[in-house]
């Protein structure tokens, strides 16, 4: 098992600990690891005491739920005490600590996430996760409806993992349970829904998962303003780069401001989507002046992104990327130097000269624009 070398430092202090969850799954799948989480049959206090003795810095990041973060060689490792659920309400769980590995694994969402591995590389797979991973099956641990009712976020997580790992038809028990309990997604925070949607869109091929979300009635609940899966599929088929916001702009239909408010997008995200959804006005036959005029109003990445919604116009994208963005050379101080007093008139003259600058291909110099400003004043 190829993991971070600094993990051995932790295992020296916590030999009972095992790597759990995504790190085991992705190691078996041959995927790059972003981080490594561990579990241990020790209380949080004992974990912290062991780390302190080993001179490893620790932070009680989620001590009430049994999670301690260890810092080794600038890497963060979350170590969580084995747990069992005492009570769940569809989103949060009251837990108790345990030393039973299988009991801890039984509370996880999917079989491919319920595996663990010790320091010797020995795999513990209580629910057939290896078989499911090899077969490309995303299956809930135990009864699907029970797992979903414990935490409705697992509906969204199902589609995220389906988009990344599934091969072929989805697990029928999972689909039936999701259809029955789909209204549970309405109880989720908008931030968590948006976070999971972005992760689904980050998959190499998210279309099948989104189609399944539509079939089960989940997508219309999380995107009530509308969606266009065919538009997204066409974007991907053209070879568009894997850009989450570009894909979101293709998928989302309806009024972006409303959708942004519903999903609680950041101001930056909402602004990006609004810019991307402005219709593309450029064509490969556009002149250099046309490109300069477009670049004067929008940056090249945005203009390039919009072209993916219509055609695979690589030549146009190449030209846009190679064209320097023109900058209107005239400023307010240029007009005051010409004797125009501060006030609303300066803004009107600047706007008029900028229109002239745009009409003439955005190549006029500062002196040219100053001369045009004088003509505008005389008129």
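Taking region 41-147 as the region of interest, the helices (runs of 4 or more DSSP H) fully inside it that hold 3 or more residues being at pLDDT 90 or above and within 27 Å of the chain's Cα centre (by Cα) are 129-135.
Please verify whether residue 147 is over 20 Å from residue 27 (Cα atoms), crowded, with 20+ Cβ neighbours inside 10 Å, outside the structural domain of residue 17 (by TED's automatic domain parsing) and touching a strand residue (DSSP E or B) at 6+ places or on another chain (Cβ under 7 Å), treating the condition exactly as stated. It is true that residue 147 is over 20 Å from residue 27 (Cα atoms), crowded, with 20+ Cβ neighbours inside 10 Å, outside the structural domain of residue 17 (by TED's automatic domain parsing) and touching a strand residue (DSSP E or B) at 6+ places or on another chain (Cβ under 7 Å). Among the residues making up region 169-179, those that are surrounded by 14 or more Cβ atoms within 10 Å (Cβ to Cβ) and in a helix (DSSP H, G or I) are 174, 175, 177, 178. Taking the criterion of being more than 18 Å from residue 276 (Cβ to Cβ), part of a helix (DSSP H, G or I) and touching a residue at least 40 places away in the same chain (Cβ under 8 Å), would at least one residue in region 219-233 satisfy it? Yes; the residues of region 219-233 include at least one that is more than 18 Å from residue 276 (Cβ to Cβ), part of a helix (DSSP H, G or I) and touching a residue at least 40 places away in the same chain (Cβ under 8 Å). For region 235-258, name all the residues that are assigned to a helix (DSSP H, G or I) and in contact with a helix residue (DSSP H, G or I) (Cβ under 8 Å, 6 or more places away or on another chain). Within region 235-258, 235, 236, 244, 245, 246, 247, 248, 249, 250, 251, 256, 257 qualify.
Table: residues versus (1) surrounded by 16 or more Cβ atoms within 10 Å (Cβ to Cβ); (2) within 40 Å of the chain's Cα centre (by Cα); (3) modelled with pLDDT of 95 or more; (4) outside the structural domain of residue 374 (by TED's automatic domain parsing).
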| residue | (1), (2), (3), (4) |
| --- | --- |
| 273 | yes, yes, yes, yes |
| 278 | no, yes, no, yes |
| 292 | yes, yes, yes, yes |
| 305 | yes, yes, yes, yes |
| 312 | no, yes, no, yes |
| 317 | yes, yes, yes, yes |
| 327 | no, yes, yes, yes |
| 348 | no, no, no, no |
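Here residue 112 clears all of (1) in contact with a strand residue (DSSP E or B) (Cβ under 9 Å, 6 or more places away or on another chain); (2) touching a residue at least 60 places away in the same chain (Cβ under 8 Å); (3) under 24 Å from residue 198 (Cβ atoms) except the condition numbered (1).
Screening the candidates 261, 253 for the property of being touching a strand residue (DSSP E or B) at 6+ places or on another chain (Cβ under 7 Å), farther than 30 Å from residue 361 by Cα and surrounded by fewer than 17 Cβ atoms within 10 Å (Cβ to Cβ) yields one hit, 253.
Pairs are defined by a Cβ separation below 7 Å, a sequence spacing of at least 6 or placement on different chains, a first member in region 39-52 that is assigned by TED's automatic domain parsing to the domain that holds residue 79, and a second member that is assigned to a helix (DSSP H, G or I) and buried (at least 23 other Cβ atoms within 10 Å of the Cβ); the pairs so defined are 39/104; 40/47.
The values are calculated or read from the model by the stated rules, or taken from the named source; none is laboratory data. Bear in mind the structure is a predicted one, so any value in this text is a computation, not a measurement. Note: ideal-geometry Cβ built from the backbone for every residue, glycine included; neighbour counts use all protein chains shown.
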